[in-house]
Amino acid sequence: LAGAYGIAVIGAMVITTIVYFVVITQTWKWPLWQAIPLVTLFLFLDLTFFAANLLKIPHGGWFPIAVAVVLSLIMATWKSGRRILAAEISGRMLPLPLLLEDVERSRPLRVPGVAVFLASNPNGVPLVLLHHLKHNKMLHETVVLLSVMVEHVPEVPRDRKVEVRELGQGFYQVLAHYGFMETPNVPKALEAGLSKQNVRFDLRQVSYFLGRESLRTAGHGKMSRWRKSLFAFISRNARSADHYFCIPPDRVVEIGVQIDL
């Protein structure tokens, strides 16, 4: 336990110094001639202690290193998998103007109510909307394409939290901005966005359409097959979107989408 503790503590100190260098140069905008001498001093002390603790690796110090390697691999796999998934979804998305032109031309059946389609990419039509229109042959009177954008700040001011744009044909695009310390609340963002357009609706009657991705590992993504399988496993066990976005579960409609990684 002493060996594991020593490696873990000094390893955390080394990582903290590296992160400190990133913060003072990229966030605080220190010039390199000021940042490098200070960080070099900290690293000299940290790496000296780290080198001394390497003797503890055979006596328990291997355990925090093994845990760190496994967790780093999982996080790197998640990040790479999300990037590949986003690229695959973006490649299959339809430009918004084309959808609006098709709706105006074909005039599908419109039913009363508000349908909200969550879109990870605000620059195109969500796949779940395309599948809904393809299979159900209808649209609600009011269709909202809602994208949640997480900014690199702790909190976003209330006056900049929601943007809304009317697209025509009963379509609206809502961009909800949140900081990384905030919990996204889709119903509140929807209410704030549609209120700006004077659209009358009842939140209890809104239908939320979410995509349930079925991930397959046979695609051409630049990630090994076993890491794709790991990413698919993590995705299946991740927190559901309705809980994360504070959406009432009884108002959610999920449509399956198959995606090759």
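Among the residues of segment 110-134, write down those that are of a type outside the set (A, V, I, L, M), assigned to a strand (DSSP E or B) and either buried (at least 17 other Cβ atoms within 10 Å of the Cβ) or free of Cβ contacts under 8 Å to residues at least 12 places away in the same chain (or both). Matches in segment 110-134: Phe117 only. Right, Ser229: assigned to a helix (DSSP H, G or I), under 26 Å from Leu109 (Cα atoms) and either touching a helix residue (DSSP H, G or I) at 6+ places or on another chain (Cβ under 9 Å) or of a type in the set (S, T, N, Q) (or both) or not? No; evaluated as a whole, the condition is false for this residue. Checked against the criterion of being open to solvent by 30 Å² or more (accessible area, probe 1.4 Å) and not hydrophobic (A, V, I, L, M, F, W, C), segment 171-181 contains not a single residue that satisfies it.
Scanning segment 1-16 for residues that are of a type in the set (Gly, Ala, Ser), closer than 15 Å to Phe42 by Cβ and touching a helix residue (DSSP H, G or I) at 6+ places or on another chain (Cβ under 8 Å) yields a single hit, Gly11. Checking each residue in segment 147-193 for being under 13 Å from the mean Cα position of the chain (by Cα), assigned to a loop (DSSP other than H, G, I, E, B) and farther than 20 Å from Arg251 by Cβ picks out Glu151, His152, Gly179, Phe180. Residue-level check: of (1) open to solvent by less than 50 Å² (accessible area, probe 1.4 Å); (2) under 17 Å from Ala176 (Cβ atoms), Leu139 misses just (2).
Considering only residues of segment 238-258 that are in a loop (DSSP other than H, G, I, E, B) and touching a strand residue (DSSP E or B) at 6+ places or on another chain (Cβ under 9 Å), which is least open to solvent (accessible area, probe 1.4 Å)?
Ile247
Residues in segment 225-244 include none that are of a type in the set (Val, Ile, Thr) and under 24 Å from Val103 (Cα atoms).
Residues checked against (1) open to solvent by 60 Å² or more (accessible area, probe 1.4 Å); (2) hydrophobic (A, V, I, L, M, F, W, C); (3) touching a Ser or Thr at 6+ places or on another chain (Cβ under 8 Å):
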position	(1), (2), (3)
Arg165	yes, no, no
Asn185	no, no, no
Phe201	no, yes, yes
Gln205	yes, no, no
Gly211	no, no, no
Ser214	no, no, no
His220	yes, no, no
Phe233	yes, yes, no
Arg236	yes, no, no
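Here Arg105 meets the list (1) over 22 Å from Tyr244 (Cα atoms); (2) outside any strand (DSSP E or B); (3) open to solvent by 70 Å² or more (accessible area, probe 1.4 Å); (4) touching a residue at least 24 places away in the same chain (Cβ under 8 Å) almost entirely, failing just condition (4). Annotation: of all residues in segment 68-97 being among the β-branched types (Val, Ile, Thr) and open to solvent by 60 Å² or more (accessible area, probe 1.4 Å), the one that is nearest to Val257 (Cα to Cα) is Ile74.
The values are calculated or read from the model by the stated rules, or taken from the named source; none is laboratory data. Here the structure is a predicted model, which means the values were calculated and not measured. Note: ideal-geometry Cβ built from the backbone for every residue, glycine included; neighbour counts use all protein chains shown. Areas reflect the complete protein model, heavy atoms only, side chains present, ligands, DNA and RNA absent. Shrake-Rupley method; radii C 1.70, N 1.55, O 1.52, S 1.80 Å.
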